[in-house]
Amino acid sequence: MTAFGLQDMAPGFADITAQSQAVFRCALDAIARPGTTMRLSAAHAVPSQPVGSRAAASFLLAVLDQDCTLWLSPTLQAGPAAAWLRFHTGCRITADCAAADFVWAASFAELPALAGFKQGSAEYPDQSATCVIEVAGWDRVAAQHAGALHLRGPGIRDAATLRVDGLGADFVQQHQAMQLHAPCGVDVYCCADDALLALPRSVHISWTGDAKGAACT
């Protein structure tokens with residue numbers, strides 16, 4: 001804890017067991033129903049966080065432990081996020097995104113290419129990275145709306161159409177390329193305030209919009 005002392009450390013869960021279980025259940029529900037907004041109750045989310053959304057901070061607090069490695073994007077690296085999560089979970093911070101079990105990015109613009117993360121294997125598809133990405137928000141839109149994402153697949157009845165701030169054609173192309181190697185791939189959570197939105201590896205995403213939309217680096 002070099003730059004941030006204990007006196008500056010934001011609190012974690014007041015009831016670690018109950019809150020972790022509730023947050024994890026919410027995250028599982030989000031994965032099971034891609035494109036559906038899942039909100040954390042005030043009783044289950046962290047009361048405050050050093051940086052980022054309550055949803056992202058709560059999710060990472062619930063899933064990380066001393067056996068997990070976490071990669072942080074530059075904006076998050078520059079703040080107290082690493083010290084806070086190490087203190088409350090014992091996780092290890094890595095500078096190599098290819099070695100990370102979890103990835104926390106401040107935006108889609110700071111997210112490395114999906115192919116650079118742990119993808120798992122046919123035998124052990126669960127040994128892959130989970131990406132947590134901060135966004136300003138998302139909303140349901142008409143199918144013809146510029147920038148609309150069209151989601152199909154397990155957990156979705158017919159199709160879901162929505163717009164996610166900062167998510168553009170480049171991410172969609174990367175996600176589509178990743179699916180060629182199913183069941184390998186990464187699962188993605190978008191987080192805004194107290195809400196989670198999952199884009200798992202199993203969902204099929206197409207795009208209506210400008211090919212020059214927001215890109216991953």
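The numbers here are math on the coordinates, done by the rules we state, and not lab data. None of the values given here were measured: they were computed from a predicted structure. Every residue, glycine as well, gets a Cβ built from its backbone with ideal geometry; the counts of neighbours run over all protein chains shown.
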Residues with amide H under 5 Å from that of Thr130, placed H, sequence gap 5 or more: Phe102, Val103
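Grab the other residues whose beta carbon is less than 13 angstrom from that of Ala136, score K and R as +1, D and E as -1, and report the net. Before the final figure, lay out the partial values.
Values: positive: Arg163; negative: Glu134, Asp139, Asp165, Asp193.
Here the count lands on -3.
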Per-residue Cβ neighbour rank within 10 angstrom, fewest leading, Ser73, Ser41, Ser20: Ser41, Ser20, Ser73
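Over all directions, the average projected area of the alpha-carbon convex hull for segment 61-151 comes to how many nm²? Walk me through the numbers before you get to the answer.
Working: hull surface 30.1 nm².
So the Cα hull casts an average projection of 7.5 nm².
Would you mind calculating the gained length between Asp65 and Gln21 on full extension (0.36 nm times residue separation, minus the Cα-Cα distance), in nm to one decimal?
On the way: separation 44, 0.36 × 44 = 15.84 nm, distance 1.40 nm.
So the extension gain works out to 14.4 nm.
Scan segment 107-214 for GluC sites (Glu not before Pro) in coil per DSSP, keeping those whose Cβ has at most 16 other Cβ atoms within 10 Å, and list them by number.
Listed in order of number, the matching sites are Glu123.
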Given (i) 1.10; (ii) 0.95; (iii) 0.97, the label whose value is Rg/Rh (Cα atoms, Kirkwood Rh) derived from this model: (ii)
Label-point separation in nm, Ala99 to Val141, each point 7 Å along Cα→Cβ: 3.9
Gaussian network model of the chain, springs between alpha carbon atoms under 10 Å - residue of Ile156, Ile205, Ile31 with greatest fluctuation: Ile156
Among Gly35, Gly168, Gly120, residue whose mean-square fluctuation peaks in a GNM of the chain (springs only between Cα atoms under 10 Å): Gly120
Orientation-averaged projected area, Cα convex hull of segment 151-195 (nm²): 4.1
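Let me know the longest stretch in the chain that avoids all trypsin sites (Lys or Arg not before Pro) found in a DSSP loop with at most 15 other C-beta atoms within 10 Å.
Values: sites that count: Arg157, Lys212.
Longest run free of exposed loop sites: 1-156.
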